[in-house]
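The block underneath contains the structure these notes are about, expressed in structure tokens.
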Amino acid sequence: MTNAAIRPVRILGLDPGLRRTGWGVVAVSGARIAHVAHGVIAPKETLPFAERLLVLFEGLVAVIADQAPDEAAVEETFVNTNAASTLKLGHARACCLIAPARAGLPVAEYAATVVKKAVVGTGAADKDQVGFMIRRLLPTAGAASADAADALAVAIAHAHHRTARAYA
């Protein structure tokens, strides 16, 4: 089989959040990474907590159905000083883990520092630096929102790590 006959692997990156969950899909073929799509799922803040989670979960299910990814990657939750906020973020993250798993996708998890290092070169990068690098690495993505840019960064980090594992 020639390289031209190999279908690129689609990776769904997810940046969990209860207010805004970013998602981004990239296509990986060898060392090439191309932007496919990105967006944000933003449940109305006036909805009860359980309904916000349902909107998030159903939005993720729809993205997976529309974009047909082969693999998924989710950013790990950082521990906040506010325990209640951290717990709520954990619920949103659970939706991000369950939706792709339910679709039969392998799901990888990456710490924020690993994601930032894969895209910017330092684990201490801020959101502006991540957004800047996403615009450079994936110019067809345009000016993605911070949440979508973070999700694309998660997908890129996974692409780098899966490539490294393939050659290890």
Would you mind finding the one in G90, G131, G142 that is surrounded by fewer than 16 Cβ atoms within 10 Å (Cβ to Cβ), closer than 19 Å to A42 by Cβ, within 16 Å of the chain's Cα centre (by Cα) and at pLDDT below 95? G90
Would you call V119 without any contact (Cβ under 8 Å) to a residue 24 or more places away in the chain and either within 22 Å of S29 (Cβ to Cβ) or not charged (D, E, K, R) (or both)? no
Note on region 36-57: residues surrounded by 14 or more Cβ atoms within 10 Å (Cβ to Cβ) and part of a helix (DSSP H, G or I) are R52, L53, L54, V55, L56, F57
Matching residues in region 38-61 - criterion: being without any contact (Cβ under 8 Å) to a residue 40 or more places away in the chain and either on the phi > 0 side of the Ramachandran plot or touching a Leu at 6+ places or on another chain (Cβ under 6 Å) (or both): I41, P43
For region 122-141, name all the residues that are among the small types (G, A, S) and under 14 Å from V26 (Cα atoms). A141
Please verify whether region 12-25 includes one or more residues that are out of contact with any strand residue (DSSP E or B) (no Cβ under 6 Å at 6 or more places or on another chain), farther than 30 Å from P139 by Cβ and either assigned to a loop (DSSP other than H, G, I, E, B) or touching a residue at least 24 places away in the same chain (Cβ under 8 Å) (or both). yes
Could you tell me whether region 24-45 includes any residue that is in contact with a Gly (Cβ under 7 Å, 6 or more places away or on another chain), within 19 Å of V119 (Cβ to Cβ) and either at pLDDT below 95 or of a type outside the set (A, V, I, L, M, F, W, C) (or both)? yes
Members of region 109-132 that are in a helix (DSSP H, G or I) and over 12 Å from A73 (Cβ atoms): A112, T113, K116, K117, V119, K127, D128, Q129, V130, G131, F132
Does region 95-105 include one or more residues that are among the β-branched types (V, I, T), farther than 20 Å from A37 by Cα, surrounded by fewer than 20 Cβ atoms within 10 Å (Cβ to Cβ) and at pLDDT 95 or above? yes
Taking the conditions exactly as written (acidic (D, E) and buried (at least 19 other Cβ atoms within 10 Å of the Cβ)), does E71 satisfy them or not? yes
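The values are calculated or read from the model by the stated rules, or taken from the named source; none is laboratory data. Only a predicted model underlies this, so the values are computations on that prediction, with no experimental measurement involved. When we count neighbours, we look across all protein chains shown, and the Cβ atoms used for this are built from the backbone with ideal geometry, even at glycine.
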